[in-house]
1. Exceeding 19 Å between C-alpha atoms, which entries from my cross-link table qualify? They are 455/630; 576/696; 376/576; 275/455; 728/777; 202/512.
2. Just how much of residue 836 is accessible, in Å², when a 1.4 Å probe is used and the result is rounded to the nearest 10?
3. Enumerate the calculated ³J(HN,Hα) couplings along region 138-148 in order (Karplus 6.51 cos²θ - 1.76 cosθ + 1.60, θ = phi - 60°), each rounded to whole Hz, writing x wherever the residue is Gly or Pro.
4. Once the dipole of the chain is set up with Lys and Arg at +1 and Asp and Glu at -1 on Cβ about the Cα centre, which of 231, 111, 543 lies farthest towards its positive end?
5. Assuming R0 = 25 Å, can you tell me the calculated FRET efficiency for the pair residue 728 and residue 205, based on Cβ-Cβ distance, to the nearest 0.05?
6. Can you give the extra length, in nm with one decimal, that the chain gains between residue 504 and residue 659 once fully stretched, where that is 0.36 nm per residue apart less the Cα-Cα distance?
7. Show me, for region 211-227, the HN-Hα J-couplings you get by feeding each phi into the Karplus relation (A = 6.51, B = -1.76, C = 1.60, θ = phi - 60°), rounded to Hz, glycine and proline as x.
8. So for the chain, Kirkwood radius off the Cα pairs, Stokes-Einstein at 20 °C and 1.002 mPa s: how many µm² s⁻¹?
Amino acid sequence: MTRKSQFPMRKPLSAAISSTLAKQVLGSGALLLSLQPGLVMAQSAAPAAEAVGTAATAEMLSSVIVTGTRRSGLKAVDSASPIQVLDSGSLERTGPPDLIQAIAQNIPSFTAQAFGGDTANLTLSARLRGLSPNDTLVLINGKRRHTTGNLAVLGGPYQGGAAADLNFIPVAAIDHIEVLQDGAAAQYGTDAIAGVVNIILKSASSGGSLTATGGQYFDEGGKTGGAALNYGMKLLDKGFINLTAETRYHGHSDRGGIDPRVIEPGRLASYPTMKLVPGYPYVNHISGDAAYHLSLLSANTGYQIDNDTEFYANATFGKKKADAFENYRLPNRLPKIYPNGFSPRETIDETDFGVSFGAKGVVAEWNWDLSATYGKDKDQIGVIDSGNVSLFNDTGSTPTDFHAGAFIASQFTTNLDISREFNVGMAGPLSVAFGLERRTDTYEIGAGDPASRYKEGSQSYPGFLLTDAGLHSRNSSALYGDVAGSPIAGLKLDAALRYEKFSDFGDTTVGKLTGRYDFTPAFALRSTLSTGFRAPTMAEQYYSATNVSPTSAFVQLAPNSPGAALVGVNGLKPEKSDNYSLGVVLHPEPKTTLTIDAYQISIKDRIVGSGSLYGSGGSVNSPAVVAAIKANGNVLDPTVTQTGINIFSNAVNTRTRGLEAVLSFGQNYGALGNVDWSVSAMYNTTKVTKVNNAPKQLLPQTLLDQTAIADLETASPKYRVNFGALWKSGPWTVNLRESIYGPSSSYGTEDGGEYFKTTISTKAITDLDVSYAITKKLTVTLGANNLFNKYPDKINPGLLKAERDALDNAAVTIYPSSSPIGINGGYYYARLAYQF
């Protein structure tokens with residue numbers, strides 16, 4: 001997608017095993033099959049777990065994991081697939097109380113979105129191993145987490161993301177996180193192509209903590225304040241309940257340049273009142289953080305019914321209100337209402353909740369676990385400080401605030417998991433697990449109010465049309481089986497198989513084989529082979545809207561719409577993947593662990609967003625695009641100079657190759673204290689191995705332009721290395737992390753003609769967190785993320801010049817939105833924590 005269409009409102013700142021038996025079982029209910037020797041309800045054969053962050057201690061490595069294995073009692077250090085473990089301390093020592101950023105700062109393969117276009121700026125996301133956010137599965141206590149309703153629709157490396165919103169999980173409620181960096185579709189679901197993030201909630205039955213934090217960016221903006229309370233107590237005589245409440249606020253930031261429209265002499269002569277706008281000529285605030293206020297509640301509980309049966313449940317509730325600046329509108333748009341011009345803002349009023357409950361126990365040596373999980377995310381989208389120009393011209397009046405519509409996503413999942421270990425004369429017990437799953441997903445777009453969708457609609461974000469609106473649903477059923485064992489001493493083998501049937505995409509069978517052999521206590525080899533199958537998200541299938549800027553209007557077509565058919569796109573197919581990995585585990589000394597894993601992930605028919613497909617105003621235009629817009633029922637702003645469409649399609653095959661390494665060791669320096677040292681690194685490249693033929697209706701345009709290809713291949717850092725040291729001595733704790741981000745690049749264009757390459761060179765970022773325990777219970781902390789206030793390289797000067805010459809508001813964006821280090825510079829904070 002071109003730079004313009006990425007942000008039409010520029011912001012400154014197989015296993016094909018067709019089992020008749022499985023199909024019969026699935027036909028009556030819901031099921032899933034995976035055969036793997038170490039799968040556990042939320043997990044399967046042993047993924048090697050390494051503790052990461054600067055808290056990479058031997059204690060974390062020896063902790064028992066549940067992700068990636070259905071075998072009980074497996075330790076992170078002994079797993080057969082790469083798993084990294086983050087304890088609560090690592091999450092808390094990351095500055096702003098933001099879970100996405102906390103994970104991203106500690107795990108190099110997990111990258112966080114720093115800035116999004118339109119409503120994506122209100123719901124930032126993350127991705128694992130350079131793949132789509134939709135390819136990573138999120139679990140809470142081993143149970144599938146529902147996804148957000150807010151789709152990242154505009155271009156960039158996170159385009160199409162509609163995964164679980166991690167920031168609705170209170171950081172204070174988390175005991176630890178297990179990140180499985182391996183294909184796990186056969187173990188957890190056919191969308192776990194990149195891996196799994198399993199969040200384990202606190203279960204303490206006494207004590208708690210109270211934390212307050214505040215901070216802001218060094219160069220102003222982003223003022224942040226937050227408070228969190230966690231409290232555990234007994235539930236009658238045999239249970240516990242752990243409660244968390246958290247609230248935080250984050251303010252706007254602005255890192256944009258000058259909008260060329262407001263300094264052009266002719267326009268200044270016509271609209272001299274623009275100089276009266278505060279901050280002139282920096283009047284366009286689109287390139288920066290959204291402001292938000294987020295309030296969260298969570299509960300985790302369990303009760304021992306008898307010696308063999310336990311009840312458990314957890315729930316989260318969140319409320320977020322946020323707004324983001326859109327492009328400044330000149331005084332000529334609505335002079336009688338806004339004589340000096342105006343800056344519309346997009347808003348979101350979001351309610352998110354999830355609940356999971358069940359019972360587990362033992363009957364005749366068989367372990368069983370029956371659960372149900374429901375989640376829903378509702379996003380009310382609004383536009384404020386705006387107006388509808390056509391409505392005003394036709395009627396003499398217009399609202400300034402609009403309800404633009406709503407996104408609603410829900411998910412209901414039921415699971416039955418059964419497992420048992422048998423002694424069959426091998427070096428270790430044979431673990432057998434199997435289970436069923438039934439899932440229902442819904443996705444709904446609600447229409448905007450009449451004023452928001454009248455003709456071209458409200459400025460900056462038109463309301464959703466009646467033709468955009470609709471309720472859609474999907475059912476899936478699955479059956480899995482897993483077998484794991486140790487035929488001889490030192491050898492662990494695991495096989496998993498999963499059969500899944502979708503109401504709209506037919507059925508599939510995926511599998512996984514895992515093996516590990518410990519040659520000596522100091523050296524082991526491990527490897528995995530797996531296949532995956534990801535059905536398109538409901539949002540990718542059905543999202544439809546109009547994306548506008550002061551000078552352009554692009555329609556996002558649903559892939560299965562009549563308009564899409566006119567440009568040669570007839571719906572979406574599932575992605576299919578193959579995943580291979582090979583690694584070593586070394587223990588050169590008692591308190592030292594080194595793991596190195598190489599992997600390859602091949603995805604066929606990968607679902608990606610198109611580039612900008614022009615109907616008018618581009619260097620090349622296609623009549624079919626104009627016809628598609630009309631067929632979709634859109635009325636575009638007659639004053640814009642460029643029109644076109646964007647669309648999701650199975651446009652490419654890709655191959656991702658990478659290497660991940662984790663080294664951790666601890667040292668005691670006597671009177672000088674203890675230091676936990678860690679080094680974690682990743683190398684990752686993605687190659688587009690095939691571009692599917694462009695529909696003839698679009699020629700000579702193609703579905704993917706240089707910008708869209710770069711979003712897949714080069715927009716993420718080629719490598720990243722974290723060096724960490726956690727020093728403790730008496731009341732002092734110092735956490736120091738140096739993160740080196742390798743080069744990345746992207747392309748942009750003014751009109752689809754000439755493309756300009758923007759390169760972000762290698763950057764080294766320093767994070768520092770210094771704590772002092774005033775008493776055994778009270779601790780004060782001062783810290784900084786990006787201590788030396790570094791910024792990414794700026795947008796290619798050639799592209800900025802082309803945009804300025806065209807008087808394009810896109811020139812406001814002077815820092816690339818794909819920057820892995822963000823666009824705001826250093827963040828400095830203070831934290832006060834009380835343990836009770």
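The values are calculated or read from the model by the stated rules, or taken from the named source; none is laboratory data. As the structure is a computational prediction, the values presented were derived from the model and not from experiment. All Cβ positions, glycine included, derive from the backbone under ideal geometry; neighbour counts span all protein chains shown. For the accessible areas, the whole protein counts, side chains as well, though only heavy atoms, and no ligand, DNA or RNA atoms are used. Shrake-Rupley method; radii C 1.70, N 1.55, O 1.52, S 1.80 Å.
1. Details: 455/630 13 Å; 576/696 25 Å; 376/576 27 Å; 275/455 31 Å; 728/777 16 Å; 202/512 31 Å.
Violating the 19 Å Cα-Cα cut-off are 576/696; 376/576; 275/455; 202/512.
2. 90
3. Using θ = phi - 60°, the values come out as 10, 10, 10, 6, x, 10, 4, 9, 5, 9, 6 Hz.
4. 111
5. Details: r = 27 Å, r/R0 = 1.08.
It comes out at approximately 0.40.
6. Values: separation 155, 0.36 × 155 = 55.80 nm, distance 3.61 nm.
Separation in residues times 0.36 nm, less the Cα-Cα distance, equals 52.2 nm.
7. Per residue, the Karplus-derived 3J(HN,Hα) values read 10, 10, 9, x, x, 6, 6, 4, 8, 6, x, x, 4, 10, x, x, 9 Hz.
8. Details: Rh = 27.3 Å.
Stokes-Einstein gives a translational diffusion coefficient of 79 µm²/s.
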